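Just so you know, all these numbers are worked out from the coordinates, no wet-lab data involved. Predicted model, so just to flag it, every value in this text is computed and none were measured. All Cβ positions, glycine included, derive from the backbone under ideal geometry; neighbour counts span all protein chains shown.
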Amino acid sequence: MKIAKPLLRYGIIALVLFFLGRMLWKHGAAVLSLPIAAQAWSNLAWAFGVTLLAHVWAGWFGR
């Protein structure tokens, strides 16, 4: 059981990364062609910061 958990975890991570990479490869041109205004870049930066903070908080204090 101790060996199965890490293998399952890394297997799931590998599958998720494979899926994201494949979708980006397949639809990357369509994503890059989307027009993004200056206000939207600001919103994206804030959203990324809040998401990063939430993940750090959950990892640091969630134990």
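Extending 7 Å from the Cα toward the beta-carbon at both Ile13 and Asn43 defines two label points whose distance is 3.3 nm. Summarised in one figure, the compactness ratio Rg/Rh of the chain, Cα atoms and Kirkwood Rh, is 1.13.
Output the 0 to 90 degree angle, nearest 10, between the alpha-carbon long axis of helix 4-32 and the longest principal axis computed from the alpha carbons of the chain. For helix 4-32, the angle is close to 10 degrees.
Shown for Ile13, Ile3: other C-beta atoms within 10 Å of each C-beta, ranked fewest to most, produce the order Ile3, Ile13. Here Met1, Met23 are placed in order of increasing Cβ neighbour count within 10 Å, fewest first, which gives Met1, Met23. Once the Cβ-Cβ distance of Ala54 and Ile3 is raised to the sixth power relative to R0 = 22 Å, the FRET efficiency obtained is 0.10.
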